[in-house]
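The values are calculated or read from the model by the stated rules, or taken from the named source; none is laboratory data. Not measured: the values here are computed from a predicted model. Quick reminder, even Gly has a Cβ in these numbers, built from the backbone with ideal geometry, and neighbours come from all protein chains shown. Accessible surface areas use protein heavy atoms only, side chains included; no ligands, DNA or RNA. Shrake-Rupley method; radii C 1.70, N 1.55, O 1.52, S 1.80 Å.
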Amino acid sequence: VNADPVSGMITLRMDEAFQFTNGSYELTPRTRAQLRLLIPVYAKSLFDRPDGIRKVLAVSVTGYASPRFRKIYVDPYSNDKEAYEYNLRLSMNRAQQITEYIFGTDIGEYSYKKLLKERTTASGKGYMEAIPVHENSEEICGKYDCAESRRVQISFSVNEVNLAARGT
């Protein structure tokens with residue numbers, strides 16, 4: 001969890017359970033299990049407090065992709081339109097799959113599900129925010145970590161910084 005004390009934005013940076021295989025937007029059984037545990041608890045912790053409903057302004061589910069296309073590294077800042085559009089669609093599909101699962105019937109009912117749904121948007125960023133490798137080594141995604149770049153992040157915009165500071 002990353003809380004920005006200036007904006008009040010709270011971001012859930014998902015662990016490896018939320019990383020996708022190359023070229024895929026399918027949710028794994030492990031991802032589904034993690035979402036079943038995480039989302040109901042997090043929704044309750046955000047909304048089940050005094051003024052919690054008014055403090056959470058928006059929820060963003062954002063998909064990302066690694067800078068690869070047809071098994072070849074693509075510089076995120078190149079002008080490869082086909083690679084860019086493919087990865088943008090892939091990242092959007094990843095966010096959409098998470099969103100559909102969170103609000104679908106498979107996850108079951110949980111407190112504040114309807115309210116969370118009303119405030120949620122899904123988007124894709126393609127490979128424009130790829131995660132750099134942790135060391136000075138090159139890999140098949142150039143200077144980027146392929147596995148960590150294929151991810152979805154869930155961010156909560158809150159209108160009061162104190163909510164983030166309280167450990168939510």
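Residues whose amide H falls under 5 Å from that of Thr120, counting only those 5 or more places apart or on a different chain, are Val59, with hydrogens built in the peptide plane. Stretching the chain fully between Arg54 and Lys143 yields a gain of 27.9 nm (0.36 nm per residue, less the alpha carbon separation). Distance between the pseudo-spin-label points of Arg30 and Ile72 (7 Å out from Cα toward the beta carbon): 3.1 nm.
Shown are Tyr77, Tyr101, Tyr84, whose ranking by accessible area with a 1.4 Å probe and every protein chain present, most to least, is Tyr77, Tyr84, Tyr101. Each residue of the stretch 141-150 was assigned a 3J(HN,Hα) from its phi angle through the Karplus expression (A = 6.51, B = -1.76, C = 1.60, θ = phi - 60°), giving 10, x, 8, 10, 7, 4, 5, 5, 6, 8 Hz with x at Gly and Pro.
By DSSP, the beta bridges lying fully in the stretch 41-155 are antiparallel in about 60 percent of cases. Placing dummy labels 7 Å off each Cα toward the beta-carbon, the span from Thr105 to Glu129 is 3.4 nm.
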